[in-house]
Amino acid sequence: QKEVEQDPGPLSVPEGAIVSLNCTYSNSAFQYFMWYRQYSRKGPELLMYTYSSGNKEDGRFTAQVDKSSKYISLFIRDSQPSDSATYLCAMRAGGYQKVTFGTGTKLQVIP
Amino acid sequence: DAGVIQSPRHEVTEMGQEVTLRCKPISGHDYLFWYRQTMMRGLELLIYFNNNVPIDDSGMPEDRFSAKMPNASFSTLKIQPSEPRDSAVYFCASSLGGGPYRWTQYFGPGTRLLVL
């Protein structure tokens, strides 16, 4: 079993829809949770990060962490065609630089 | 800042040949990471360095892979001999380190490697 599980998609939604992306994990030591966005033929870029459980909002993006369920989510409101990309969840334990990534979910927002 | 620079951007080689990938991290960053990305396995950490010293190379698939960081501004990942299963996109990333707000990893554009 992988430490981090993520549905690869693809996920196709109409413009303006609310998008929900999710990951589950098995390592209880993970404390920092991140979402990276990767456009086609580009490197991943950090979109959001949270520490421990809770919510974090940044514009149209909301990240949620439920450590009791080992489940994290990224919500995108009012999705735009420019949001079309692959979204990777990522996690790390405290005190360590090593980050474990999910395999990514490919999202397409149709105009 | 120019960001993380990788070269070459594309590499096509034949099985058995030596391949060398290069990376220039962001100036001032203390950590450098090498990743491999495939459709099947996603993004995998191969090795990372702190202040030019390899810290964790447990992700290096086998002895055919080696990585060096001779100075703070340059690192190489070498595959010798290369095999078709090494075909992937190889990313280099760097980070400041030293605290949760300083460990964001900045990725380069990647090197697309195809081994025939």
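Bear in mind these aren't lab numbers, they're just calculated from the coordinates by the rules spelled out. Everything numeric here is computed off the predicted structure, so don't read it as measured data. Glycine also receives a Cβ, built like all others from the backbone with ideal geometry; neighbour counts cover every protein chain displayed.
Compute the relative contact order of the range B:74-116 as a whole-number percentage, counting only Cα pairs closer than 8 Å that sit 6 or more residues apart in sequence.
That works out to 45 percent.
With a sphere of radius 13 Å drawn around the Cβ of A:Asn22, what net charge do the other residues whose Cβ falls strictly inside it have (Lys, Arg +1; Asp, Glu -1)?
-2
From Cα pairs below 8 angstrom and at least 6 apart in sequence, can you work out the relative contact order of chain B, rounded to a whole percent?
Computed over chain B, the figure is 36 percent.
Local charge sum around B:Pro81 (other residues, Cβ-Cβ under 15 Å, Lys/Arg +1, Asp/Glu -1)?
Residues close to B:Pro81 contribute a combined charge of -4.
Sorted from largest down, what three extents in whole angstroms do the Cα atoms of the protein assembly as shown have along their principal axes?
48, 39, 38
Straight-line reach from A:Lys106: which lysines have Cα under 21 Å away, leaving out those fewer than 8 places along the same chain?
A:Lys106 reaches A:Lys2, A:Lys42.
Can you find, among A:Val99, A:Ile110, A:Thr86, the residue farthest towards the positive end of the dipole of the range A:65-111? Put +1 on the C-beta of Lys and Arg, -1 on that of Asp and Glu.
Result: A:Val99.
From the Cα gyration tensor of the range A:32-111, with a ≥ b ≥ c the square roots of its eigenvalues, which class applies: rounded if a/c is under 1.5, or else prolate if a/b is larger than b/c, or else oblate?
Oblate, because a/c is 1.5 or more while a/b does not exceed b/c.
Would you mind giving the mean number of other chain beta-carbons within 10 Å of the Cβ of each residue in A:89-101, as a whole number?
4
Within 10 Å, Cβ to Cβ, of A:Ser53, how many net charges do the neighbouring residues add up to if Lys/Arg are +1 and Asp/Glu are -1?
Computed value for this residue: 0.
Return a whole-number percent for the relative contact order of the range A:1-98, with Cα pairs under 8 Å and 6 or more residues apart as the contact set.
Reported as a whole number, the value is 34 percent.
May I ask what percent, to the nearest 5, of DSSP beta bridges between residues of the protein assembly as shown are antiparallel?
Counting only bridges with both partners in the protein assembly as shown, antiparallel ones make up about 90 percent.
Nothing charged except the Cβ atoms of Lys and Arg (+1) and of Asp and Glu (-1): what's the magnitude of the dipole of chain A about its Cα centre? Round to the nearest 20 debye.
320 debye
Per-residue mean of other chain beta-carbon atoms within 10 angstrom of the beta-carbon, peptide B:104-115?
Mean number of neighbouring Cβ atoms from other chains: 3.
If you rank A:Val109, B:Val4, B:Val53 by fewest surrounding Cβ atoms within 10 Å, what's the result?
B:Val53, A:Val109, B:Val4
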